[in-house]
Amino acid sequence: MGLEMFSLHTKVMNGMEGRMKESNMRILIGLGLALVYLFVGAIVFVRIEYPLEKIERETYLEYQNQWRERLMQLDIDESEIDKLFINIREAALNGIWMDRNLSSDPNWTFGQAFFFAGTLISTVGYGRVSPRTEHGKLFTILYCVIGIPLTLALLSAIVARMREPSHKLRGLLNQKLGHLFTVNHIQLIHVGVVLAALLIFVFAIPAWIFSSIETDWTYLDAFYYCFVSLTTIGLGDFEPGDDPNQSFRGLYKIGATVYLMGGLCCMMLFLATLYDIPQFNLTSFFVKDDEEMRINEEDGKYGTLDSNVVENGFYAH
């Protein structure tokens with residue numbers, strides 16, 4: 001029996017050898033395009049951002065030199081002056097800087113800790129506040145090992161439920177517009193409707209709310225924060241409730257965490273709807289259909305979010 005299985009496996013692999021070589025070539029092409037894309041992005045960012053950084057660096061150095069001269073006139077040792085600037089920088093980076101000796105809430109309140117836990121298990125990870133103790137770092141590792149898989153499974157289950165009304169919407173579009181448009185056009189209209197709802201209810205309206213609460217955020221800043229967060233990039237340059245003197249800061253942090261989780265579900269729903277259209281599923285360019293089917297059969301956990309079957313371009317429930 002073992003020899004028969006080995007012989008069958010050899011025949012299958014020989015039959016797939018040409019297709020795998022073709023897929024490998026496509027992957028190499030994809031890697032080359034990704035590298036070019038990275039080079040283009042780096043060049044554009046340098047051209048856009050470096051001039052402002054250069055001005056800010058020159059301004060800061062001028063400001064630092066002025067204060068260095070003033071302090072040295074008071075017979076303060078230069079090493080002490082350097083230590084002063086280092087302490088100020090560390091306090092600002094650790095989020096414990098306070099202006100004019102005003103009292104403020106600590107970073108590790110319940111609301112902030114709740115928000116931090118949400119950014120961990122959602123893999124957003126802003127990095128503005130992070131554990132500094134050995135026990136905190138160890139607990140972060142254990143917390144993420146358990147929390148991230150559970151969160152992804154839960155969000156996937158929620159998205160599977162959310163796809164039911166999305167399928168009903170597509171069926172309604174087919175009933176109303178099926179005599180005017182082809183199946184592919186109906187698919188594109190469906191994706192467009194889902195995208196429009198995503199932009200309005202997940203990005204535009206929340207961005208307006210954030211810009212209204214955060215007085216130093218413009219609307220573009222708030223929209224940028226929503227996009228960076230819900231794509232799980234999490235740069236950390238903007239974070240809701242970052243001002244220690246924010247009113248109802250803890251409650252605000254909890255609300256922002258709920259927004260992140262709900263927004264991630266909506267983003268996953270949009271991507272699932274988009275990938276229903278074969279032309280937008282770029283994975284098929286790098287993996288041949290029979291190879292993809294073989295991979296899915298060997299490891300079912302990487303299948304689709306639900307088991308709905310597509311027949312003639314429409315969902316069969």
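The values are calculated or read from the model by the stated rules, or taken from the named source; none is laboratory data. Given the structure is predicted, the values throughout are model-derived calculations rather than measurements. Here the Cβ is made from the backbone with ideal geometry for all residues, glycine too, and neighbour counts use every protein chain on show. Accessible surface is based on the protein model in full, side chains and every heavy atom, while ligands, DNA and RNA are left aside. Shrake-Rupley method; radii C 1.70, N 1.55, O 1.52, S 1.80 Å.
If you go through segment 194-203 one residue at a time, how many are free of Cβ contacts under 8 Å to residues at least 40 places away in the same chain and surrounded by 16 or more Cβ atoms within 10 Å (Cβ to Cβ)?
Selection size over segment 194-203: 1.
Of the residues I96, I29, I55, which is open to solvent by 90 Å² or more (accessible area, probe 1.4 Å) and modelled with pLDDT of 80 or more?
I55
For segment 204-220, which residues satisfy the criterion of being in a helix (DSSP H, G or I) and open to solvent by 40 Å² or more (accessible area, probe 1.4 Å)?
I205, W208, I209, S212, I213, Y219, L220 - these are the residues of segment 204-220 that are in a helix (DSSP H, G or I) and open to solvent by 40 Å² or more (accessible area, probe 1.4 Å).
For (1) in contact with a Lys or Arg (Cβ under 7 Å, 6 or more places away or on another chain); (2) surrounded by 11 or more Cβ atoms within 10 Å (Cβ to Cβ); (3) in a loop (DSSP other than H, G, I, E, B); (4) modelled with pLDDT of 90 or more, each residue gets a yes or a no:
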site	(1), (2), (3), (4)
L120	no, yes, no, yes
Y126	no, yes, yes, no
F139	no, yes, no, yes
L154	no, yes, no, yes
R163	no, yes, no, no
G171	no, yes, no, no
F181	no, yes, yes, no
H185	no, yes, no, no
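Can you run down the residue pairs with Cβ atoms below 8 Å, 6 or more apart or on separate chains, where the first is in segment 63-83 and modelled with pLDDT under 80 and the partner is of a type in the set (K, R) and assigned to a helix (DSSP H, G or I)?
Hits for this filter: E78/R68; I81/R68.
Kindly list the number of the only condition in (1) outside any helix (DSSP H, G or I); (2) touching a residue at least 40 places away in the same chain (Cβ under 8 Å) that fails for R132.
Answer for R132: the failing condition is (2).
Would you check which residues across segment 226-253 are part of a helix (DSSP H, G or I) and open to solvent by 50 Å² or more (accessible area, probe 1.4 Å) and list them?
Residues satisfying the conditions are F227, L251.
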